[in-house]
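What follows is a single structure, written as structure tokens, with notes after it.
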Amino acid sequence: MSLNVSPMRIPEVKLVTPKRFGDHRGFFSETYNRKAFQEVGIDADFCQDNHSLSATRGTLRGLHFQAPPFAQAKLVRVVRGAIIDVAVDARRASTTFGKWVKAEISAENGVQIFVPRGFLHGFVTTEPDTEVVYKVDAYYDRDSDGAVRWDDPDLAIDWGVDTSKVVISEKDGTAGSWADFKTPF
């Protein structure tokens with residue numbers, strides 16, 4: 001497997017681009033191989049795959065997390081459409097605590113993002129009918145599920161879209177502030 005791995009401004013968050021082999025029919029890409037990922041320092045033991053469809057451009061999901069012992073690392077990719085993906089460092093002892101990174105992930109560019117445990121995660125769709133598939137390394141636990149407000153002024157995330165038109169869930173609309181967030185990480 002051939003991988004291009006680029007650490008982001010917060011180096012534990014990584015952009016991973018698997019090689020695509022194309023011809024007149026389209027392309028083939030091995031999107032995950034445990035051994036190849038371990039060789040580049042991504043050693044998550046993924047146990048669950050999730051798939052979401054966002055019908056409307058501007059659908060925003062996040063900022064979500066799972067508290068320990070159900071904290072999750074994620075490997076996110078887009079199989080149709082495009083997103084702006086955001087990871088916020090929620091690790092109390094980290095020098096980048098409260099900082100965020102973002103990347104454009106699309107079916108066209110084939111880029112994936114690895115978000116380790118200890119981060120809040122979210123994305124906004126930039127195309128209609130966007131499908132996101134992501135692996136996690138811990139099973140979902142309802143009691144460990146949490147969220148921080150996507151538009152929190154202390155985080156000041158630049159989502160790259162007109163935020164007055166985003167489509168959010170009730171959960172995301174009622175999420176607590178960063179100032180009130182008691183990080184479990």
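Read phi for every residue in the stretch 40-54 and hand back ³J(HN,Hα) as whole Hz from Karplus 6.51 cos²θ - 1.76 cosθ + 1.60, θ = phi - 60°, with x for Gly and Pro.
Those phi angles translate into 9, x, 9, 10, 6, 9, 5, 10, 8, 10, 10, 9, 10, 10, 10 Hz.
Picking from His64, His121, His51, which is most flexible by a Gaussian network model of the chain using Cα springs under 10 Å?
His51
Please find, in a Gaussian network model of the chain (springs between Cα atoms separated by less than 10 Å), the residue of Arg57, Arg34, Arg25 whose mean-square fluctuation is greatest.
Arg25
Which residue, Ser29, Ser52, Ser164, has the most motion in a Gaussian network model of the chain that connects Cα atoms within less than 10 Å?
Greatest mean-square fluctuation among the candidates belongs to Ser164.
Return the long-range amide H neighbours of Thr59 (sequence gap of 5 or more, or a different chain), with a cut-off of under 5 Å between placed amide H atoms.
Amide H neighbours of Thr59: Thr125, Val167.
Under a 5 Å amide H to amide H cut-off, with H placed in plane at 1.01 Å, what residues pair with Gln112 once short-range neighbours are removed?
Those qualifying (amide H under 5 Å, at least 5 residues apart or on another chain) are Val16, Thr17.
For a Förster distance of 30 Å, can you work out the FRET efficiency between the beta-carbons of Arg20 and Lys165, rounded to the nearest 0.05?
Efficiency at R0 = 30 Å is approximately 0.35.
Can you show me the helix-derived [θ] at 222 nm for the chain, built from DSSP H runs with n ≥ 4 at -39,500 (n - 2.57) apiece and divided by the number of residues, rounded to the nearest 500. Write down the numbers at each step before the final one.
Numbers: 2 runs with 10 residues, N = 185.
The per-residue figure over the chain is -1000 deg cm²/dmol.
Could I have the simple spin-label model distance between Gln48 and Thr95, label points 7 Å from Cα toward Cβ, reported in nm to one decimal?
3.4
Short version: ³J(HN,Hα) in whole Hz for each residue of the stretch 162-172, in order, from phi by Karplus 6.51 cos²θ - 1.76 cosθ + 1.60 (θ = phi - 60°), x for Gly and Pro, what are they?
With coefficients 6.51, -1.76 and 1.60, one gets 6, 6, 6, 10, 6, 10, 10, 7, 4, 4, 6 Hz.
What ³J(HN,Hα) values, in whole Hz, does the Karplus curve 6.51 cos²θ - 1.76 cosθ + 1.60 give for the stretch 73-87 when θ = phi - 60°, with x put for Gly and Pro?
Here the 3J(HN,Hα) series is 8, 10, 10, 10, 9, 10, 9, 7, x, 7, 9, 9, 9, 10, 10 Hz.
Every number here is computed from the coordinates shown, using simple stated rules; none is lab data. Not measured: the values here are computed from a predicted model. Ideal geometry is used to build each Cβ from the backbone, glycine not excepted, and the neighbour counts take in all protein chains shown.
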